[in-house]
Structures are given as structure tokens and as C-alpha cells.
Amino acid sequence: MSDSEFMELISNSLISTTLSYGDAAGSVALDFFEESTGLEAKNTDLAKVPRFVNDKYREKVDQYAANNALHGDEFMEACGNIMQSEVLQQANRTMINAGKRYGLRFARVPQGGECAFCAMLASRGFVYSEAGANSHYHNHCKCKVVAGKPGTKVGGYDHTKTEKSFNTICKNLGIKESLEEVENNKELRDKVLAEAGRRNKDWLYRGEVTKPWYIKPREKLSADEKRGIDILSSMGFSPVALPEDAPDGSKNIDFWLRDQHLFVEHKNAGGGKHSIEDNLGSAKKKWDNLKCDQPKIVILTTEGSTRSYEDDMRSIRRCKRYYDEVWYVPPGGTDFLIIKNEG
């Protein structure tokens, strides 16, 4: 069998398998629709495989063959993955057919192991139209489309926890737009997704906080350091309080974010108008002394400060030579604003 004949065989096998298993997936979707909504599904809701899927398979097979050994495991795995995605899409298309007959909206329900992008879509709940539910898929996507309306319950799915996490990230980044606006704005979406990629998945998806670890005992932390590590934990990080290698604390960074592989130095700028510059300069000297090539991140608490927010922002931006990122906590604050040195 020639290579071209083999590729034709693969393409035909993909479409025939999708036709068979796609009907089975659609039938399961109809059963779930009736169970979750209490409404009647019809056999006519069963989605037909769109014509473009055949063209998509041929295009992908050609693409995979160009980048992998034709009879190798990687080529066969790539073909299997694209077929699995299309079979799952048949269930989603069927769910949409059933739901739109009743004028229902749709949610994107993750199945575990989802990427930050899919988590953001899932955080919206039952807001998507047919067009919205059908868009924004990627290879290996396992997200399910579920028909319903605000208040519909789906076992294991509570979009409000994910929504809260993404709203927190937007606040951390100083983004005032709604999640809907963020989803439809590539620049904002990319910023939010990049930051979401730094947070623990349990926090992002379910709002579960990872408790801090203490190599330096908590009772030896100052009140401001305790505030700093507690805020890091509540914001979806995995902070570790590090021991001091010198009596004055000059030879260690205060916190290690173990899941993010980042060091974070803590400073409290509670003094007068030069306190921020003095503290950020001190943090910079510590990074330089340790010859640490990690990003220079400072969580900057401001307990005891009488300065205005505007004055603090001006001071931080004037001192950008001292840091890569400042995570600014206002007096009495329970979260932070991320200020990046972008040159």
C-alpha cells in the first residue's frame, strides 16, 4: 500500500468511526438532556456529522503526516485524538439541537484537566447561545455543552466558584471589564489567561485554598509577613515561608511559591513618602546579593501608611528599576494589585 493510499484509508476510517460512535454519543446526550432539564428530547435532535468534518480530517491527516512518521505511534495518536474530539462534538451538537427547540441557553461544563481558557468559558454559566456554545474549541477539548437556564443544577459543576476566581484575577490585574468583555477582547483575555496559568487549579476551578507551608515557623513571622503569606495563599498560590540564613534576614527571600516555582520577597511600606522607594530598593539589593535570576517579585503590604493610593502608585512606577513585579496590598487589604515593570 502506498503512502497516499494509506492516508486515504486513515481519512475514511476516521469519518466512518465518527459516524458510528457519534450517534452513540448523541444518544447519551439526549438521555442526559431529559434527565437534567425534565424536558422531552426527540430522535430528530440527533446531530448529523457536518460535511466540513470530512474535509477537516483530510486536512489534519495531511498535516500530521508532514510532521510525523506516517506509520509511527505519534501519527496514529494524533489521528485518534482528533477523532475523539469530533465524537464528543457530536454529543454537544445534539445537546444544542435539543436545547434550542425550547429556547434554552447553554453552559460549557468541564470534565477535569481543562485548560485555563476552557475554565474561563465554564465560569460564565448558562449564558451561551447556539453560536457561542459551538465556538472556541481546540483539539483534545473534552468540555461538554449542557442546555439549561440560570439556576439549572448539574452534578459536579458550580460555575460560581470559577467565576469568582476569574473575577479575582481581573481585579488583581486592574481589569474593570466584565468576564464577557474579557472573553471577547483578545488582549485582555490573553492577560487573564496568562495569570490564571500561575494559579493553582484547585483554587481556579473550585475556590479551594492551599494552606501555606512553614520552614520558618509561623510564630517567628512578623504580623506583616503573616498577612503577606495569608494573602498569597488566598489568591491561589502555594506559599512556603523560608528560613533566614542571616540574623538580619539579608540572605534569603521570604517566600517560595512551590507550585509556581517563583520567589516572592515581602516588604511593608508603612512609613512616610520615601518608604516605598526604600523598601523596593532594599528588596533589589537582596536579589542582587543572592545572584538570583528569578523574576524580582515583591508583595508590598502597606500597614500603618497614611499615604494616598495615588501617591503609592506614582512611587511604585518611579521605582520600576527595582522590580519585575510588585503585588501591592493597600492598608487593610485582603488581595493585591499586580504592577509589572514592562519597560
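Listing for the model above:
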quantity	calculated
Leading residue by the ranking (modelled with the highest pLDDT) among those in segment 140-163 that are at negative phi and surrounded by fewer than 13 Cβ atoms within 10 Å (Cβ to Cβ)	160
So residue 11, is it crowded, with 16+ Cβ neighbours inside 10 Å, on the phi < 0 side of the Ramachandran plot and assigned by TED's automatic domain parsing to the domain that holds residue 75	yes
Number of positions in segment 79-127 that are more than 14 Å from the chain's Cα centre (by Cα) and under 27 Å from residue 19 (Cα atoms)	31
The lone exception for residue 254 - which of (1) touching a strand residue (DSSP E or B) at 6+ places or on another chain (Cβ under 6 Å); (2) surrounded by fewer than 17 Cβ atoms within 10 Å (Cβ to Cβ); (3) among the acidic types (Asp, Glu) it fails	(2)
Subset tally (residues that are without any contact (Cβ under 8 Å) to a residue 40 or more places away in the chain, under 24 Å from residue 170 (Cβ atoms) and of a type in the set (S, T, N, Q)) for segment 302-343	3
Failed item in (1) out of contact with any Phe, Trp or Tyr (no Cβ under 7 Å at 6 or more places or on another chain); (2) in a helix (DSSP H, G or I); (3) in contact (Cβ under 8 Å) with a residue 60 or more places away in the chain, with residue 231 passing the rest	(1)
Subset of segment 246-276 [in a loop (DSSP other than H, G, I, E, B), modelled with pLDDT of 90 or more and of a type in the set (D, E, K, R)]	254, 258, 259
Some residue of segment 101-112 being assigned to a helix (DSSP H, G or I) and under 18 Å from residue 155 (Cα atoms)	no
Residue within segment 21-30 that is in contact (Cβ under 8 Å) with a residue 40 or more places away in the chain, under 21 Å from residue 85 (Cβ atoms), outside any helix (DSSP H, G or I) and in the same structural domain as residue 109 (by TED's automatic domain parsing) present	no
Residue tally, condition surrounded by 24 or more Cβ atoms within 10 Å (Cβ to Cβ) and touching a strand residue (DSSP E or B) at 6+ places or on another chain (Cβ under 6 Å), over segment 97-108	3
Meets criteria (at pLDDT below 95 and out of contact with any Asp or Glu (no Cβ under 8 Å at 6 or more places or on another chain)) for residue 219	no
Yes/no for residue 192 being of a type in the set (A, V, I, L, M), farther than 24 Å from residue 290 by Cβ and surrounded by 19 or more Cβ atoms within 10 Å (Cβ to Cβ)	yes
Pairs, first touching a residue at least 60 places away in the same chain (Cβ under 8 Å) and assigned to a loop (DSSP other than H, G, I, E, B) in segment 38-56, second crowded, with 18+ Cβ neighbours inside 10 Å and not polar (S, T, N, Q), C-beta under 8 Å, six or more apart	39/33; 39/98
Filtered residues of segment 112-139 (kept if modelled with pLDDT under 90, more than 17 Å from residue 190 (Cα to Cα) and of a type in the set (A, V, I, L, M))	131, 133
Failed item, numbered, when residue 279 is tested on (1) modelled with pLDDT of 95 or more; (2) within 25 Å of residue 168 (Cα to Cα)	(2)
Cross-chain or 6+ apart pairs with Cβ under 9 Å, segment 151-180 first and free of Cβ contacts under 8 Å to residues at least 40 places away in the same chain, then part of a loop (DSSP other than H, G, I, E, B) and acidic (Asp, Glu)	170/177
Residue match in segment 298-317 (condition: more than 18 Å from residue 270 (Cβ to Cβ) and surrounded by 13 or more Cβ atoms within 10 Å (Cβ to Cβ))	no
Residue 13 in a helix (DSSP H, G or I) and under 31 Å from the mean Cα position of the chain (by Cα)	no
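The values are calculated or read from the model by the stated rules, or taken from the named source; none is laboratory data. Since this is a predicted model, take the numbers as computed values, not measurements. Here the Cβ is made from the backbone with ideal geometry for all residues, glycine too, and neighbour counts use every protein chain on show.
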